[in-house]
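Asks: Pasting a structure below so you can have a look.
The values are calculated or read from the model by the stated rules, or taken from the named source; none is laboratory data. The model shown is predicted, which means the values in this text are computed figures rather than measured ones. So basically every Cβ, Gly included, is an ideal-geometry build from the backbone, and we count neighbours across all protein chains shown. Just the protein is used for accessible areas: all its heavy atoms, side chains included, with ligands, DNA and RNA removed. Shrake-Rupley method; radii C 1.70, N 1.55, O 1.52, S 1.80 Å.
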Amino acid sequence: MNSKVFRRTFCLFLLFSVAVLSGCERTQQVIQPVTTAESLGDEIRIGVVLPRTGDLGPGEFGPGALVMENSFNMALEEINASHRLGDTTLKFMIEDDMSTVEGAVTAFNKLIHEDNVPVILGVWTSQVARSVFPIAQENGVVAFSPVVIASGLTEIGDFIFRASHPTEALIPGGVALTRSKLGYQRVALISDRVDLFSRDSDAVFSKTLTAHGVEVLGRETFETGDTDFTPQLTRIKALDPDAIFLSAQQIEVIHLLKQAREIGIPADTPIISLVLSIDEIQSAGVAAEGAITFTDWVSTAETPGNETFVANYTATYGSPPSVWAAQPYAAVYILAEAIKNAESLDAVGIRNALAEIQAFDTILGKFSFDANGDPIYDPVVLIVKDGKLQVFE
């Protein structure tokens, strides 16, 4: 049985047993849902935590987490305008985590203990998620991140969900496909040794490549915030690898792509990464050509509502959406579906309804949660051609 719904099923069994002992009138009182889709109330408040300021917010290297806030708001407006939840509207209570773990911890505690929200959407990085997800779990509040990727995060507890595939779901299939097409035998790895996602991505890359019989010629590391990668890239260039596997956050990815080409690493040596979207490509320019990413969404996907989403987002915000915009947009619709189906609108009821989401149509494809709260839908491998992300074939 799904571990996230076991607790709900067990509790319902106990309630039913009490009802039987107390008579029919008591039975009706005990098992009647607190609320239904027909009587959700006027407004449901949902917490949102994301970086509006700091290194991960909008800045020199692109919109950053602003794309997540944009998509959250677009989905919210559409859901409220369509009366998807009847006369009930969703309202976001947004807190800026200021691109720091400390800011995120403060934001989670405020939303939980002062605003009493049953659900918190957001969290931009795995590093932050590892610190705040336990707070949600300990307080029995749902935490649902659209974009965090590091492995093991949903294992923190049964109130934790995400819409992004973890590294161990993205990397094996991506390596199998790209190696079969490109035939690389000798590779180099470079990663951020501080950032949680980057360390996890590098470890899964290494394990998967070894399992496929690929020789890792060398490994280079750096720290979050570094801007000069010339020494590491120069050493990698000397190894003459068939491909380079990169594990880093967005700003470092942009620097690395540019500097790799500046020092003469050939354009036909593919740089492969999990963190690459249209935002980074536009910032890196021609240096991004030929780069490959294992990811969850492509703008040309023929999934329900995707064409309309891309057109509306582009028209509203003046630039095409990235995967980091698509996943948050889908997440709000997934949450709204759970709220519509929930037997009660406390955190437990919403958690149970989320856990039961199966084959729900989204712009990401047919979406389900597995027993851990990780997503089930089809990932995709993309390559940069002519400044655009296209399906790698």
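Asks: In Å², what does the accessible area per residue of the chain work out to with a 1.4 Å probe?
Replies: Working: 16350 Å² over 393 residues.
Here the per-residue accessible area is 42 Å².
Asks: Further question on the same structure: I want the local charge near K91. Using Cβ-Cβ distances under 11 Å, sum +1 for each Lys or Arg and -1 for each Asp or Glu among the other residues.
Replies: On the way: positive: R45; negative: D42, E43, D115.
After counting each charged neighbour, the total is -2.
Asks: Per 10 Å bin from zero, what fraction in whole % of the C-alpha pairs of the range 191-295 is there, up to the bin with the longest pair?
Replies: Over the range 191-295, the share of Cα pairs per 10 Å bin runs 15, 53, 31, 1 percent.
Asks: Continuing with the same structure: So how far, in whole Å, is the C-alpha centre of the range 193-212 from the one of the range 317-355?
Replies: Their Cα centres are 29 Å away from one another.
Asks: Per the 1.4 Å probe, what fraction of the accessible area of the range 189-328, in percent, lies on carbon and sulfur atoms? It would help to have the intermediate numbers written out before the result.
Replies: Values: 2800 of 5380 Å².
Carbon and sulfur atoms account for 52 percent of the accessible area of the range 189-328.
Asks: Specify whether the C-alpha gyration tensor of the range 276-325 places it in the rounded, prolate or oblate class, a ≥ b ≥ c being the square roots of the eigenvalues: rounded for a/c under 1.5, otherwise prolate if a/b is larger than b/c and oblate if not.
Replies: Details: a/c = 2.76, a/b = 1.47, b/c = 1.87.
Oblate.
Asks: Right, here's the next one. In deg cm²/dmol, rounded to 500, what helix-only [θ] at 222 nm does the chain give when every DSSP H run of at least 4 residues adds -39500 (n - 2.57) and the total is split over its residues? Don't skip to the end; give the middle numbers.
Replies: Numbers: 13 runs with 173 residues, N = 393.
Computed ellipticity for the chain at 222 nm equals -14000 deg cm²/dmol.
Asks: Same structure again: Classify the range 41-129 as rounded, prolate or oblate from the Cα gyration tensor: take a ≥ b ≥ c as the square roots of its eigenvalues, call it rounded if a/c is under 1.5, otherwise prolate when a/b beats b/c and oblate if not.
Replies: Numbers: a/c = 3.17, a/b = 1.44, b/c = 2.20.
It is oblate, given that a/c is not under 1.5 and a/b is not larger than b/c.
Asks: Then there's this: Scan the range 40-138 for GluC sites (Glu not before Pro) in coil per DSSP, keeping those whose Cβ has at most 15 other Cβ atoms within 10 Å, and list them by number.
Replies: Values: sites: E43, E60, E69, E77, E78, E95, E102, E114, E138; in loops: E60, E114.
Loop-located and lightly packed - E60, E114.
Asks: Kindly state, to the nearest 0.05, the FRET efficiency for I263 paired with S319, given R0 = 25 Å and r defined as their beta-carbon distance.
Replies: Working: r = 30 Å, r/R0 = 1.19.
For R0 = 25 Å, the calculated efficiency reads 0.25.
Asks: Run the numbers on the range 291-371 and let me know its relative contact order in percent, using alpha-carbon pairs under 8 Å that are six or more apart.
Replies: Working: 86 pairs, mean separation 23.7, N = 81.
The normalised contact order for the range 291-371 reaches 29 percent.
Asks: Still on this model: Dipole of the chain, Cα-centred, from +1 at each Lys and Arg C-beta and -1 at each Asp and Glu C-beta, to the nearest 20 debye?
Replies: Numbers: 27 positive and 50 negative charges, 149 e Å.
My answer is approximately 720 debye.
Asks: How far apart, in nm, are two points set 7 Å out from the Cα along the Cα-to-Cβ line at A359 and at N80?
Replies: The two pseudo-label positions are separated by 3.4 nm.
Asks: Okay, next question. What is the diffusion coefficient of the range 353-393 in µm²/s, taking the Kirkwood radius over Cα pairs and the Stokes-Einstein relation at 25 °C with a viscosity of 0.890 mPa s? The partial results should precede the final answer.
Replies: On the way: Rh = 11.9 Å.
For these conditions, the coefficient is 206 µm²/s.
Asks: Follow-up question, since we're still on this one. If a/c stays under 1.5 just call it rounded; otherwise compare a/b with b/c (prolate if a/b is bigger, oblate if not). Do that for the range 219-348, with a ≥ b ≥ c from the square roots of the Cα gyration tensor eigenvalues. Display every interim value, and only then the final one.
Replies: Numbers: a/c = 2.89, a/b = 2.10, b/c = 1.38.
Note, shape of the range 219-348 comes out prolate.
Asks: As I understand it, the value is the acute angle between the Cα axis of helix 196-211 and the longest principal axis of the Cα atoms of the chain; what does it come to in degrees, rounded to 10?
Replies: Approximately 70 degrees, to the nearest 10.
Asks: Which one, D361, D378, D228, has the greatest fluctuation when you compute a Gaussian network model over the chain with C-alpha springs under 10 angstrom?
Replies: D228
Asks: Another question about this same structure. Using bins 10 angstrom wide from zero, how does P(r) for the chain break down, in % of all Cα pairs?
Replies: Here the calculated profile for the chain is 5, 23, 32, 23, 11, 5, 2, 0, 0.
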